[in-house]
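Trainee: Take a look at this one; I'll ask things after.
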Amino acid sequence: MAPKDKEAILKEFRETLVKQDLIHEGDTIGTDDDTLLYAHPSLQHSESSNAYIDCSRFLRARHFNLKQSTIMWKNCQHWRKTVEGIGIDELYRQIDPFDYPERELVFDCWPLYFHKVDKKGRPLNFHHFGGINLNKLQKNMSLERFWRTVLVNCEALTREVLPAAAEAAGRPIGGTFVVVDLAGFGISQFWQMKDFARSSFQVSQDYFPETSDGSTCDCQRAYGLLDHLERHEALAS
């Protein structure tokens, strides 16, 4: 598809969302990057502004199908208002993903974190599957509380991490680079994490689309490993 055609669809998508009352001033869906726009006023009315980046993510996730992208956006807005019975904004007010009481425990039992950026300015997102120990985690924290920290970490990517990376780079940064470490990962970790991993992956796909801009371990391959282990365990039993 030619760039001009994509621009036309992007504009039509924005107009459709406005007409259907699906986008509003102050919405935190993807959070417009005010810090970047103030630092670089030339981006305010361009396709490069985060308002357009957010729309573009949903379009790319649905191969620029306007109808399907609109449905995806609508579903995302509904989820944001209703998740955990309070909505993602209230959840984010209650749990600071960078400073909550159990953060060190979560870091120790489910090593997942952002650290620095690569040469392209993309935040590095590390996943150490071999270090997962939910049995230890739930001795000191409910799994329901843990799931809420997973959700606010997903939200932190578009709300804080990507805008901070964009401000540092002086240009829009649309996604993170994922580093998946499978060293030490086996059946024990698999059974502990499979449901949480699948659920978090689905949340990312449905409500934070196109925020991964590459990885050192194919994420589809990693979750294919989960399928393989699950089938293997089922046959063994």
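Each value in this text was obtained by applying a stated rule to the coordinates, not by laboratory testing. Since the structure is predicted, the reported quantities are computational estimates derived from the model, not experimental observations. Methodologically, a virtual Cβ is constructed for each residue, glycine included, from the backbone with ideal geometry; neighbour enumeration extends over all protein chains shown.
Trainee: Please report HIS128, HIS115 as a ranked list, fewest other C-beta atoms within 10 angstrom at the top and most at the bottom. Before the final figure, lay out the partial values.
Mentor: On the way: HIS128 17, HIS115 9.
Ascending number of Cβ neighbours within 10 Å: HIS115, HIS128.
Trainee: Among DSSP beta bridges whose residues both lie in the range 86-220, state the antiparallel percentage, nearest 5. Walk me through the numbers before you get to the answer.
Mentor: Working: 4 of 11 bridges.
The answer is about 35 percent antiparallel.
Trainee: To continue, here is another question. Under 23 Å between alpha carbons, and skipping anything fewer than 8 positions from LYS139 in its own chain: which lysines qualify?
Mentor: Those lysines meeting the cut-off are LYS194.
Trainee: Neighbouring Cβ atoms within 10 Å as the yardstick, rank TRP73, TRP79 fewest first.
Mentor: Values: TRP73 26, TRP79 15.
In order of increasing Cβ crowding within 10 Å: TRP79, TRP73.
Trainee: Report, ordered by chain and residue number, the lysines lying within cross-link reach of LYS67, taken as a straight Cα distance under 23 Å and ignoring same-chain residues fewer than 8 apart.
Mentor: LYS4, LYS6, LYS11, LYS19, LYS81
Trainee: For THR176, which sequence-distant residues (separation of 5 or more, or a different chain) have an amide H within less than 5 Å of its own amide H, given hydrogens modelled in the peptide plane?
Mentor: HN-HN under 5 Å from THR176: SER212, ASP213.
Trainee: Write out the trypsin sites (Lys or Arg not before Pro) in the range 110-152 meeting two conditions: DSSP loop, and at most 13 other Cβ atoms within 10 Å of their Cβ. It would help to have the intermediate numbers written out before the result.
Mentor: Numbers: sites: LYS116, LYS119, LYS120, LYS136, LYS139, ARG145, ARG148; in loops: LYS119, LYS120, LYS139.
Listed in order of number, the matching sites are LYS119, LYS120, LYS139.
Trainee: At a 10 Å Cβ-Cβ cut-off, how would you order MET141, MET72, fewest neighbours first?
Mentor: The order, fewest Cβ neighbours first, is MET141, MET72.
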